[in-house]
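For reference, the structure discussed in these notes is given below.
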Amino acid sequence: MNEVSDVRDWLRASPRVIALTGAGMSAESGIPTFRGLDGLWRNYNPQDLATPEAFERNPTVVWEWYDWRRGLIAAAEPNPGHYALAQLEATNHVSIISQNVDGLHTRAGSTHVIEIHGSIWRTRCTSCDRTQSNLKPHLTTLPPLCEDCGQLLRPGVVWFGENLPPMAWEASVEAVSTADILLVIGTSGIVYPAAQLVPIAKDAGAKVVEINLEATALSSQVDATLLGPSGQILPKLVQ
Ligand code: OAD
């Protein structure tokens, strides 16, 4: 059985496609994933960098880490996997639910992107809540302060222990509940509630296809797993 060609047939018969993407989606753009041998969480402790408590303890250290990642991401380009998902919009209704904060789906041309873990290119004031877009690879002063009220800005991302933005979560549940097919791409599937979108899609009747270098926590729930780099598999699927 040639699974890539089977999934290509499923896609042709699926008007509504949802892609749930994780860090592996951007790995071929040179952006490190979180887990695995070269993962960020091998060298950095998420409790020191990606929690509200860490930010309260030392906002400068947290900002330095995000500023370093902004530089990495600014220097990266979308890869053929990102472009393939953007290209799929020519034939299917496609929405992307991304756990990635890098903005590469939008840079590749995808138009319906829900960023459930926020965006590294946004800042939010810890006092007046003003949210702003800031696309500079590096911020001028760390930690940055709000232009309106002078208080501390924080990265516009979701940290461990925080709720997802309610509207983004509701839109994601709605999207997977009406999907014909859900592509689960480059995620270890162990961070919730994002991973919960897979059983929600399945229960609502969608076919679920995983694309990953290896089997994951979600593999037992999916209809097919395509093993390999998403930057190679996705272009084959949308040919
Ligand atoms: P992980 O680092 O947990 O998982 C990355 C997944 O991508 C793994 O399953 C890899 O096998 C796979 N992978 C790596 N390279 C790939 C490639 N070229 N093609 C296909 N698959 C590849 O990243 P996430 O699942 O995104 O949250 O992690 C979820 C959340 O945990 C992140 O959003 C972040 C993190 O801590 C927060 O910071 C709140």
Checklist line | Residues located in the stretch 65-86, provided they are out of contact with any Leu (no Cβ under 9 Å at 6 or more places or on another chain) and closer than 17 Å to Gly231 by Cβ | finding: Ala86
Notebook entry, point to check: Are there any pairs, at least 6 apart or on different chains, whose C-beta atoms fall under 7 Å, with the first in the stretch 2-22 and in contact (Cβ under 8 Å) with a residue 12 or more places away in the chain and the second within 16 Å of the ligand (Cβ to nearest atom) and among the hydroxyl-bearing types (Ser, Thr, Tyr), and if so, which?
Noted result: Leu20/Thr187; Thr21/Ser98; Thr21/Thr187; Gly22/Thr187; Gly22/Ser188
Next item on the list: Those residues that are touching a helix residue (DSSP H, G or I) at 6+ places or on another chain (Cβ under 7 Å) and near the ligand (Cβ under 10 Å from one of its atoms), I need them from the stretch 32-56; list them, please.
Entry: Pro32, Thr33, Phe34, Arg35, Leu49
Check: If we only count helices (runs of 4 or more DSSP H) wholly inside the stretch 57-119, which ones have 1 or more residues that are within 12 Å of the ligand (Cβ to nearest atom)?
Finding: 59-74, 80-87
Next item on the list: Show the residue pairs that are 6+ apart or on different chains and have beta-carbon atoms under 6 Å apart, the first residue being within the stretch 142-168 and of a type in the set (Phe, Trp, Tyr), the second being buried (at least 16 other Cβ atoms within 10 Å of the Cβ).
Entry: Trp159/Ala50; Trp159/Thr51; Phe160/Ala50; Phe160/Thr51
Item checked: Test: Asp6 is surrounded by fewer than 16 Cβ atoms within 10 Å (Cβ to Cβ), within 11 Å of the ligand (Cβ to nearest atom) and of a type in the set (Asp, Glu) -> no
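The numbers here are math on the coordinates, done by the rules we state, and not lab data. As the structure is a computational prediction, the values presented were derived from the model and not from experiment. Reconstructed Cβ throughout: ideal geometry from the backbone, glycine too, with neighbour counts over all protein chains shown.
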